[in-house]
Every structure is written in structure tokens, then in C-alpha cells.
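Every number in this text was worked out from the coordinates using simple rules, so none of it is lab data. Owing to the predicted nature of the structure, the values given are computational and were not obtained by experimental measurement. No Cβ is skipped: glycine too gets one built from the backbone with ideal geometry, and neighbour counts run over all protein chains shown.
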Amino acid sequence: MIRMTEERREKLLKAARVGSFGELFAAVVLLGGLPVLLVAALLPQLGLFAGVTAATYLADHFLHRRGSYLLSRLAKARAGLGVRFLLRHLMLVLLLVRLDKAESAVAVAAISCFVAFHCLQVPHSALSTLLRNRHHRLPVETRNIDTSRLPLPAPPPQALLHRGAEKMQHLDIFAVAGVLAAVAGAPRAVAYTGIGVTLVLALGYVLALASCMRPGKLPPRRERVLEWFDNWLTEHQPDTVLYFSGSPESTYQVSMWLGTLEQLAARGLRPMVLLRERYTMETLAETTVPVACVPSAVHLMNLDLSMLRVALYPANVGKNIHLLREPTMKHVFVGHGDSDKIASVNPYSKVYDEVWTAGRAGRDRYALANVGVRDEDIVEVGRPQLAPVFSGPLPREGRTPTVLYAPTWEGWTDDPGNTSIILAGEHIVRALLASPDPVRVLYKPHPFTGTRSALAREAHEKITALIRAAGGEHEVITGPVPALYDCFNVSDALVSDISSVVSDWIASGRPYAVTDSAGLGAEEFRRQNTAVRAAVILDNQANGIEQLLAALRDPAGDPLAADRAELKTYLLGPSGPDPLARFELAVKELATKAGVRNLESLTHE
């Protein structure tokens, strides 16, 4: 009965698009309070009016402090912040009329105050927008690039811009409180004082914003910033660019390549990262490589990028076209992991000059898919990112073996083979937690989990609850830290799905299991998916998990150990030479091809 109540609460919160019952209660107070104010003004009931006014002020403030999604919904319904405060002021005037105080000096002062107050909202809003755009909407944002030639003044104090509209509107509370106090019998000076405080503070707020517009306080204009960045490109002469566009949750796709770029830089190349969304600058992992974000396609296409020779693309997205149109460089799809997913043979890949795969498996995958990617355009470069992954069994002394459950997300379709989390996830976790020989469970779901499917989100929540209830050393890891490879390095076995996680795990040589969520059967599942040829196959009831646990108990008797070693070479390429050396050679060879092509173009001109 208790569980059912909790489920109903969760459904109610999801339906209302709020994060807690506190938000839901505040929204009810705010929306229900406005009509009550009207009734209180018409009756008139001063005490009721004052109490409900205070409640709606508090509710408004609470929702803003929580950043509630309901606020944007109210704005779309034409009940935004300014409208709500204007309605309160109008109803206060209506209250004065109903109390026969419309012609009193206090009423005249209050009406004058509210008119002036709302007039001040215009310059406040305009200045706030201008300052925010000038400081936070530079045409180029950078990291690890010297900006000393482009003096960037300190941004305005955060206190001025953060929730600025809400702060400005709430300055009316002094005037409202003073007027209500005077109506209730306090000296008129109380009303005049409140009105004065409101107007002085509101005017002071506007003047404070205006002071941030003085010469030297604003960043350079767009044209100056673009000119500076063009000059930096000319002087720095980057030769390799990692280009990325994607959602905040997909930033891991570019972050996984940063270490490789840093190593290329240490070997004499001049790589850089080029991003297209501002939010990626915030979620991008730490790096020493120069990073630039150019959101505008027009600005990007007007930059001089002729010094670049190789462009690397970790994702197939529409905005890639803005760089693919540059003929002076060679374009390469490197992806963000090798797997048997359909995304690994996307027909879009044929737009690139080359497609780089880790090993022979990637080449064969494109040949079987027959999507237009020519065999001569595929280059096997290994997986340089896997250098940090420990290979071989982990020391067991004094610790409980660890099993990492890292399912992929539900994908864009409802194919049951996309992820194990919906049908099998809870069974897998329960089986691991109930193992006769104790194991430590790490649960690290894909960052996209639950973003499209409510079933996946619910399954994730159940699994999370199971692991947290089990306590002990078990852990749920939903953030970027620890990273996936860090989880690999403390895990003795893996349970996952058809994804690059499995291919990368194979570098460790340790046991793993993959769930046949679509119910193909073990033989057909192995035939269709290269990465599971050396895996323990699980069904949606987690049958087969005992075989994985047996491999943990007796590593020497693991029947799949030899198969994993063979598969590792096929998927990821030979262990030697150094994968980074192979990757560096591929970059340099392609850069040479781009240089030759450019020389031939000049000759023909």
C-alpha cells in the first residue's frame, strides 16, 4: 500500500512537471491566490487580502529559487512574472477603491509609484538583456587560448543578472506593505516610506546596470572578436581539428578524444577542438588542447580555416555540413566507440573522405551493411583511448569481486534489442545482489537513459532503488565521474548491451556478459553481433548470470578466455604497434594527402 502511494506521488509530480511537492504546493498557492485576491479586494477584506498577497509573494520567490519548469509554462500561458505582479498592483488599487480611499493621498502615491515602477522595468529588462548577450554571447568562446590581445572585461556582478527580473519585481514589496499598513490604520508616513524605498531601489538597480555599460566595461564587438580569432588561427596554425555538435548529454562523445589529442600535441602536431554549442563548453572534460566554440554557422563559414589539414568527427550530426564544405582539409569519421549497433554503419558516413575503425571488425561491418562506404576509404587505426584500461585479471587479495552493469540507452526506436534495462535490468541486478559468492555491484547507465522512454526511466529508478537499499559497497554512478574507463579498472566483470562499452571492455580481457534483449537466441545473437562471440549470453530473466559468476570464482577455468583474446585483436586491432602511433601515422598521412590536393588545386588555377 505504501509503495502504491509512492508510485502515485511520482506520477503526479511527473504529470505536473515539477520536481517536488514543495513546487507543486507553491504553484497551487500562486495560481489559486490570484483569484482569491480579487475576491478579497471586491468584498473588501483587508486581512484576507494582506495574507494571500504575502503567500503569493513567497510562492513566486520559491518557484524562482528552485528554477521550476512551471514558470516557463506560466509565461507561455500569458501569466508570466510581469503580469502576475501587475495583477497584484491592480487588485491593490481595486481594494483601495472598494474601501473608499481612491482619492486619498496614499492611493494617489501608490498608483503613481506602480506606474513609475512598471516603467522602470523597461530599461531594466533592456539593459539586462544587452549585458547578458554581450558578455555571454560572444561569437567565439575559447578555452586554453591566449586572449590577452582581446581585452575581456570582468562580467557584471552575478547578483545583478542572476534572476534579475524576479529581484526587480520583488522590490515592490516595500510599497505594497506600506500601503496596506496605512490602510489598516498606520500613519501615512509608513506608506510614503515604503513607496520611496521601492522607487529608490528600483532606480538604483537600473543605474547599477547602466554603469556596466560604460566604456571599457563591455566586451569587444562581434567583428573585433572574429578578427582576433582569425588572427589566432593564422598565428597558431592548427593542423588537426576535432569537430563536435550535440546535446549536453552527448558531450562524452567528444571528451573521450581529448586525451588522444593531448598526446598528438605532445608528439608535435597542433590539434584543436571546435564546438558548436555553448553548453558543451561547460560540460566538456578538462584538457590542455585549445578549444573554440563558434555557435553561428555564418561566423564559422567565414573563418579562414585553410591551415587545417584533418578534421575528425566523433558524431554524425547535421551541423557537420558546416565544416564538411571546406575543401582544403580531409574529413574523417572517427565515431565515439566501435560497436555492432546500427549507428556504427550509418549511411551518412560515406560523406567523409575516410572512416577510421579500431580493427578489422569495423571494416567487415561496413562491407556487410553495404551502405556506400568503400573499403579503400576505411582505415584501421586501433583505439588509442583504451591505453588507460588495465589488461588482465585484477588482484583479488582482501576485496570483493566487482561486477559493472553498464547498459546502453533505449535509443530512438522501440526495438527491444536496444537496451537490457527495460526488460532485464532489474533481474540482472537482483541476481548479482543475491549471488552466493558476494560481488560488489557498480551500476553506470548511459547518460541518455530515460530521455526518450518512460519505461527506461522507471526501470532505471527501480534499479537505483535496489542498489541503494542493498547498501554496502554497491554504487550507482550517474555522473561523468568516475569515468567509464575508471570503472573498468576496478571491475572484474561486465554486464552490458550491444554498444561500444562491450568493445572497449574487451581490451581488458576480463569476463563479460551481454543480454539478448530481443530474444534472438544465443546462436543467432552471436551471428549478428561480433562483440558477443566471447560473451556469456543472458536472457531477459538474467538466466546465464551463473556462468559469469563462475568465471569470477575460478578465472583459471574460464572457458571463454581464449575467445576473448582472439576477439580483442579482431575488434580493436593488434596490440602492437602502439595504437597512438598508428593513429598519429594515420593523421599525418591524411594531412599529407590534403596538402597534395591543395597544391594540385593551385596548379590547376
Sorted by chain and number, the residues with a modelled amide H under 5 Å from that of L538, at a separation of 5 or more or across chains, are V514, T515, D516
Rounded to the nearest Å, what's the spacing between the alpha carbon centres of region 150-185 and region 240-284? Just the number, please. 40
How would you classify region 351-432 from its alpha-carbon gyration tensor, with a ≥ b ≥ c the square roots of the eigenvalues: rounded for a/c under 1.5, else prolate if a/b is greater than b/c, otherwise oblate? oblate
Given charges at Cβ of Lys, Arg, Asp, Glu: the chain dipole, positive-most of T413, Q547, N133: N133
Rounded if a/c is under 1.5, else prolate if a/b beats b/c, else oblate: with a ≥ b ≥ c from the C-alpha gyration tensor eigenvalues square-rooted, which is region 402-572? rounded
Under a crude label model (7 Å from the Cα following the beta-carbon direction), how far is A159 from S247 in nanometres? 3.8
Give me the extension gain from D415 to E523: residue separation times 0.36 nm, minus the current Cα-Cα distance, reported in nm with one decimal. 36.9 nm
222 nm [θ] for the chain, helices only, -39500 (n - 2.57) per DSSP H run of 4+, per residue, to 500? -15500 deg cm²/dmol
Expressed as a whole-number percentage, the relative contact order of region 522-582 with C-alpha contacts under 8 angstrom and at least six residues apart is 28
In nm, spacing of pseudo-spin labels at S391 and E376 (7 Å Cα→C-beta vector): 3.3
Give me the angle, in degrees from 0 to 90, between the Cα long axis of helix 21-42 and the longest principal axis of the Cα atoms of the chain, rounded to the nearest 10. 20
How much length is gained on full extension from Q541 to A454, taking 0.36 nm per residue of separation minus their Cα-Cα distance? 29.3 nm
Tell me which of P271, L90, M329 sits at the most positive position along the dipole axis of the chain, charges placed on C-beta atoms (Lys, Arg +1; Asp, Glu -1). L90
Efficiency of FRET from Cβ geometry, L599 and A562, R₀ 41 Å, rounded to 0.05: 0.25
Normalised convex hull volume, the chain, alpha-carbon set, Å³ per residue: 200
What FRET efficiency comes out for the pair T234/I111, r = Cβ-Cβ distance, R0 = 51 Å, nearest 0.05? 0.25
Where in region 107-146 is the amide nitrogen less than 17 Å from a point lying 7 Å along the Cα-to-Cβ axis of N302? 137-141
Pop out the ³J(HN,Hα) list for region 91-101 in order, Karplus 6.51 cos²θ - 1.76 cosθ + 1.60 with θ = phi - 60°, rounded to Hz; leave Gly and Pro as x. 6, 5, 5, 4, 4, 4, 4, 5, 8, 6, 10
Sparse-neighbourhood loop hits (trypsin sites (Lys or Arg not before Pro), region 267-327; DSSP loop; Cβ within 10 Å at most 16 others) -> R267, R325
To test your reading of the geometry: what angle, between 0 and 90 degrees and rounded to tens, separates the Cα axis of helix 454-470 from the longest principal axis of the chain? 80
